[in-house]
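Enquirer: Please find one structure pasted underneath; my questions will follow.
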Amino acid sequence: MIDSHFHGDSRSVEDYEKMSIGGITEAISCSYYPYEVVKPSVLTTHFKRILHFEKERAWKERIKLNVALGIHPANVFPKYKPVLEEIKKLINKREIVAIGEIGLETMDPEEVDIFTKQLLIADETETKVIVHTPRQNKLNIVKKTKEILTENIDPKLVAIDHINLTVVDEVIDEGYQIGLTIQPEKMTSNEAMTILHNYGFNKFMLNSDSSYSKSDVLSVPKTVRLLKINECKEKDIEKVSKLNTKNFFKL
Ligand SMILES: [Zn+2]
């Protein structure tokens, strides 16, 4: 199984161990810095930590860590340009599988500006993006996010994440890959199963978004178990828990 979106740097070695015991062999770790970003090196050092230190920690438990890096909406700050330069270098060196996670949290103009600039880099370099959608004001922000995506990037490069029952209709026909986050304060395994039953298995990728918030590192294996108990086809389960992520990000 692949957990298509989490934050390895926020979790303990015991969590990596649990993921491995639960059958996760691969994961995508996205950047998000949990405190104030006062200068560019705070983020570029955070990037290096994920690329090197976290990959090693994960591999000790035989989890292959793929890395997505970008400026998370909670990390916007004025002197961000050197961080964008660093992201371009990492793309050229093929060190990251996507720019992410990026997106909007409040639709503040600075957020929109940094989000747009990262989309343009992705579009120009044909790099995938992992786009965050927030818990608060979700429908309006998903609509605004779609507008910005339409203007700035090929939809085939976009994975839109944390989609739930309230907003799935907004994104299902947009040509994006769609992330379903099963996390205590976001969505249950049952709700994810309802979405899959209603919309099919082809566009979706399961993830735990395990982070500093309340999380369940086993939410992907638990959802897979629920799908099996409810007699979903093995082939379909394989798509949402592995193949769709592998094919989209070319892992
Ligand atoms: Zn996340």
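Every number in this text was worked out from the coordinates using simple rules, so none of it is lab data. Please read these numbers as outputs of a predicted model, since none were measured by experiment. Cβ atoms come from the backbone with ideal geometry, glycine included; neighbour counts cover every protein chain shown.
Enquirer: Residue pairs, Cβ under 7 Å, 6 or more apart or interchain, first in segment 173-199 and farther than 16 Å from S241 by Cα, second in a helix (DSSP H, G or I) and among the acidic types (D, E). List them.
Expert: Once the first residue is farther than 16 Å from S241 by Cα and sits in segment 173-199, no partner that is in a helix (DSSP H, G or I) and among the acidic types (D, E) comes close enough.
Enquirer: Is it the case, given these coordinates, that E26 is touching an Asp or Glu at 6+ places or on another chain (Cβ under 6 Å) and surrounded by 15 or more Cβ atoms within 10 Å (Cβ to Cβ)? Before the answer, list the steps.
Expert: On the way: touching an Asp or Glu at 6+ places or on another chain (Cβ under 6 Å): no; surrounded by 15 or more Cβ atoms within 10 Å (Cβ to Cβ): yes.
Answer is no for this residue.
Enquirer: Then there's this: Of these, I24, I28, which one is of a type outside the set (G, A, S) and part of a loop (DSSP other than H, G, I, E, B)?
Expert: Going through I24, I28 in turn, the sole match is I24.
Enquirer: If you don't mind, there's one more thing I want to ask. List the number of the failed condition for I91; all other conditions in (1) under 19 Å from I148 (Cβ atoms); (2) in contact (Cβ under 8 Å) with a residue 12 or more places away in the chain hold.
Expert: (1)
Enquirer: For segment 29-65: of the residues being of a type in the set (S, T, N, Q) and farther than 15 Å from S210 by Cβ, which is surrounded by the fewest Cβ atoms within 10 Å (Cβ to Cβ)?
Expert: T45
Enquirer: For segment 42-59, name all the residues that are under 16 Å from V97 (Cβ atoms) and either within 14 Å of the ligand (Cβ to nearest atom) or touching a residue at least 12 places away in the same chain (Cβ under 8 Å) (or both).
Expert: F47, I50, L51, E54, K55, A58
Enquirer: Please count how many residues of segment 92-104 are in contact with a helix residue (DSSP H, G or I) (Cβ under 8 Å, 6 or more places away or on another chain) and either hydroxyl-bearing (S, T, Y) or crowded, with 19+ Cβ neighbours inside 10 Å (or both).
Expert: Summing the residues that are in contact with a helix residue (DSSP H, G or I) (Cβ under 8 Å, 6 or more places away or on another chain) and either hydroxyl-bearing (S, T, Y) or crowded, with 19+ Cβ neighbours inside 10 Å (or both) in segment 92-104 gives 7.
Enquirer: Looking at segment 96-106, can you tell me whether even one residue there is more than 16 Å from the ligand (Cβ to nearest atom) and within 24 Å of F204 (Cα to Cα)?
Expert: Taking segment 96-106 and keeping what is more than 16 Å from the ligand (Cβ to nearest atom), we get 106.
Within this subset, residues satisfying the condition of being within 24 Å of F204 (Cα to Cα) are none.
Within segment 96-106 (the criterion being more than 16 Å from the ligand (Cβ to nearest atom) and within 24 Å of F204 (Cα to Cα)), the answer is no, since none of the residues qualifies.
Enquirer: Something else now. Within segment 1-41, can you find the residues that are within 16 Å of the ligand (Cβ to nearest atom), polar (S, T, N, Q) and in contact (Cβ under 8 Å) with a residue 40 or more places away in the chain?
Expert: Listed by number, the residues that qualify are S4, S10, S31.
Enquirer: Assess whether E110 counts as being within 16 Å of the ligand (Cβ to nearest atom) and in contact (Cβ under 8 Å) with a residue 24 or more places away in the chain. Walk me through how you get there before you give the answer.
Expert: Values: within 16 Å of the ligand (Cβ to nearest atom): no; in contact (Cβ under 8 Å) with a residue 24 or more places away in the chain: yes.
No, not satisfied.
Enquirer: Of the conditions (1) in contact with an Asp or Glu (Cβ under 9 Å, 6 or more places away or on another chain); (2) within 16 Å of the ligand (Cβ to nearest atom); (3) within 22 Å of S29 (Cα to Cα), K128 satisfies every one except a single condition; which number is it?
Expert: Just one mismatch for K128, condition (1).
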